[in-house]
1. Quick one: in the stretch 99-137, which of the residues that are touching a Ser or Thr at 6+ places or on another chain (Cβ under 9 Å) and within 15 Å of P181 (Cα to Cα) is most open to solvent (accessible area, probe 1.4 Å)?
2. Could you grab me the full set of residues in the stretch 76-98 that are among the acidic types (D, E) and open to solvent by less than 40 Å² (accessible area, probe 1.4 Å)?
3. What are the residues in the stretch 164-177 that are under 10 Å from F51 (Cβ atoms) and open to solvent by 50 Å² or more (accessible area, probe 1.4 Å), if any?
Amino acid sequence: TALILLVIVQYLSILGVSSFVLTTTTTINNRKKFYAVGKISSDTEEPVDPFQNDESTIKKILTESRTIALVGISNKRPQRPSERVMEHLQQNGYRVIPVSPILAAKGVNVLGEKVFSTLRDIPYDIDMVDIFMRSENAGKIVDEAILIGARSVWLQIGVIDEDAAVRAQNAGLGVVMDLCPKLELQRLK
């Protein structure tokens, strides 16, 4: 792993990338994939910082959102984190629409709400898309959120996709990454 990191750093410096963030993901076969996110710059430019959550964006999303699509809902027992988050959001006055192709195909309801297969299938305006997916799948969901006109995307704890966050911000969406809305609501009370 150290040799791989050294090669990546040397390669990026040859390309003129002076600042970058190195992230890893584990694939299905348990092999690590390394990704470097950065920009080509000269010594006089400011370094590129990774995505940073903004307190005002967090508060704005939580106060202005009323309808949330929760992508990646699970109803396995014992109760999964996605279902606990959905329940907490409902208890705090949000309408939460669950999204799961598997559960939608079974005609399942979760916590009183019909499960939809995709964001495009939801016949309501969506304020926030809460993503409970692996990081490598989050970008597709963010792109779909942009297409349906969602106002914001919230990538749950451990869900990190810098490129998707930039695409969402460039499309005018509010973005929160690697945090949980349930925990943020509790913190802000």
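The values are calculated or read from the model by the stated rules, or taken from the named source; none is laboratory data. If you're wondering where the values come from, they're calculated on a predicted model, not measured in any experiment. Glycine gets a Cβ as well: all are built from the backbone with ideal geometry, and neighbour counts include every protein chain shown. Note: accessible area is taken over every heavy atom of the protein model, side chains too, but ligands, DNA and RNA are not part of it. Shrake-Rupley method; radii C 1.70, N 1.55, O 1.52, S 1.80 Å.
1. Filtering the stretch 99-137 for residues that are touching a Ser or Thr at 6+ places or on another chain (Cβ under 9 Å) and within 15 Å of P181 (Cα to Cα), the one most open to solvent (accessible area, probe 1.4 Å) comes out as F132.
2. Correct list: E83 only.
3. V166, Q169
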